[in-house]
Amino acid sequence: MLTSMIARGKYTSASAYIRALIRKEARDKAQRELEQELLKGMRSGPAQPMTRKGWDKLRQIVSDARKKAE
């Protein structure tokens, strides 16, 4: 199977195939985690309107997280 995919030009080598599998697994995992977080948010209760103050606070949290990650 793998050798035929390489022969057809789908992958250049077995290593390229393995890298593609790893990337796909990472994407699938990220998708599953996102879906879980979305479901958690949906189950957390009624939505609350966002205010200017709420958006400013959220932007500050994101900015602080980015600085911390650098």
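Within the straight-line cut-off of under 30 Å between alpha carbons, the lysines reachable from residue 57 are 29, 40, 67, 68, sequence neighbours fewer than 8 places apart in one chain being disregarded.
In nm, what is the difference between 0.36 nm times the number of residues separating residue 4 and residue 63 and their Cα-Cα distance?
Going from the current span to full extension adds 16.4 nm.
Across all C-alpha atoms in region 8-70, the radius of gyration and Dmax reach 19.3, 57 Å.
Ligands, DNA and RNA left out, the accessible area of the chain computed with a 1.4 Å probe is 59% carbon and sulfur. Think of the chain as a dipole: +1 on every Lys or Arg Cβ, -1 on every Asp or Glu Cβ, centred on the Cα centre; then among 69, 12, 22, 69 lies furthest on the positive end. Solvent-accessible surface of the chain, averaged per residue with a 1.4 angstrom probe and all protein chains in place: 95 square angstrom.
The values are calculated or read from the model by the stated rules, or taken from the named source; none is laboratory data. Please read these numbers as outputs of a predicted model, since none were measured by experiment. Here the Cβ is made from the backbone with ideal geometry for all residues, glycine too, and neighbour counts use every protein chain on show. Quick note on the areas: whole protein, heavy atoms, side chains included, nothing else; ligands and nucleic acids left out. Shrake-Rupley method; radii C 1.70, N 1.55, O 1.52, S 1.80 Å.
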